[in-house]
Amino acid sequence: MQRSVHLTVLLSVPLALLFLVAMSQPSVLHHGYIGCFVDGDNSNRDLKGLTGLKTIGPFTDKIEFAYFFNGYTVTIESCSSLCALGRFRYFSMQAQGFCFCGNSYGLHGAASSDSECNEDCTGNSSQKCGGQSRNSIYENIYAPETGLFKRVASTKSMLTTAPGQPENSTYWSQEATVAFECLAACHRSPDCLACAFVQSSRMCRLLRFAAVPSEVASEAQWVWVKLYTE
């Protein structure tokens, strides 16, 4: 009976899931400007990808209310790199030095004019980095990948949660007998951007970020990052 359950799970996973190879940080070919969009307040940001984080990779200056901020070094390129650590599709610049990440945008609509995103970036005055409550929205274009997931060493792209946030705010768990069950569960969930199978406890960690929480890195050697299929 147990064997038939495993076979059913494996057969339900797309064949492309089997083509997994090691990789490092997701490779961004280029980023494209989309437009100037309205943002909400701290309780209702348009791009919410960094919510609940304290650090992601080497970016530790300030992450709160869903944004990263450094008053001296933020550029379009550095924001793109930060968001690539989580394999976020979109990023935005606001009010000279605020960087946001997310996989969707446009919650509050477009600005009435592109000129509302006219403030110079603090890290590069030749670049424009949004305006007050206005986001310059960009899309990260990643290098083409084969398959639906790629395997990443769990020591890469680590993140930590912000003070007051529960450790599991960056992931949720469910039982899994084999790794393919974990991959299938992540594939089915739009909220899952990566997953890790913990062999010792037979648990699947479903990650809300395509970066590795420190507590997951301590128990799993590898994570599988979901790739974009369109």
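The values are calculated or read from the model by the stated rules, or taken from the named source; none is laboratory data. What you are looking at is a predicted structure, and each value in this text was computed from that prediction instead of being measured. For neighbour counting, all protein chains shown are included, and Cβ atoms are generated from backbone atoms with ideal geometry for every residue, glycine included. Only protein heavy atoms, including side chains, enter the accessible area calculation; ligands, DNA and RNA are left aside. Shrake-Rupley method; radii C 1.70, N 1.55, O 1.52, S 1.80 Å.
Quick notes
- Of the set (1) touching a Gly at 6+ places or on another chain (Cβ under 7 Å); (2) at pLDDT below 70; (3) surrounded by fewer than 16 Cβ atoms within 10 Å (Cβ to Cβ), all apply to Leu18 but (1).
- Subset of segment 171-190 [open to solvent by less than 50 Å² (accessible area, probe 1.4 Å), touching a residue at least 40 places away in the same chain (Cβ under 8 Å), touching a helix residue (DSSP H, G or I) at 6+ places or on another chain (Cβ under 7 Å) and not aromatic (Phe, Trp, Tyr)]: Val178, Glu181, Leu183, Ala184
- The condition of being at pLDDT below 75, small (Gly, Ala, Ser) and in a loop (DSSP other than H, G, I, E, B) does not hold for Gly49.
- Cross-chain or 6+ apart pairs with Cβ under 6 Å, segment 114-127 first and surrounded by fewer than 14 Cβ atoms within 10 Å (Cβ to Cβ), then hydroxyl-bearing (Ser, Thr, Tyr) and assigned to a loop (DSSP other than H, G, I, E, B): none
- Residue count, segment 158-198 (criterion: more than 22 Å from Tyr67 (Cα to Cα) and assigned to a strand (DSSP E or B)): 8
- Among the residues of segment 204-230, those that are of a type in the set (Gly, Ala, Ser), part of a loop (DSSP other than H, G, I, E, B) and within 13 Å of Leu159 (Cα to Cα) comprise Ala210, Ala211, Ser218.
- Of all the residues in segment 80-95, those that are without any contact (Cβ under 8 Å) to a residue 40 or more places away in the chain and buried (at least 20 other Cβ atoms within 10 Å of the Cβ) number 1.
- Selection status of Ser201, part of a loop (DSSP other than H, G, I, E, B), open to solvent by 40 Å² or more (accessible area, probe 1.4 Å) and at pLDDT 90 or above: yes
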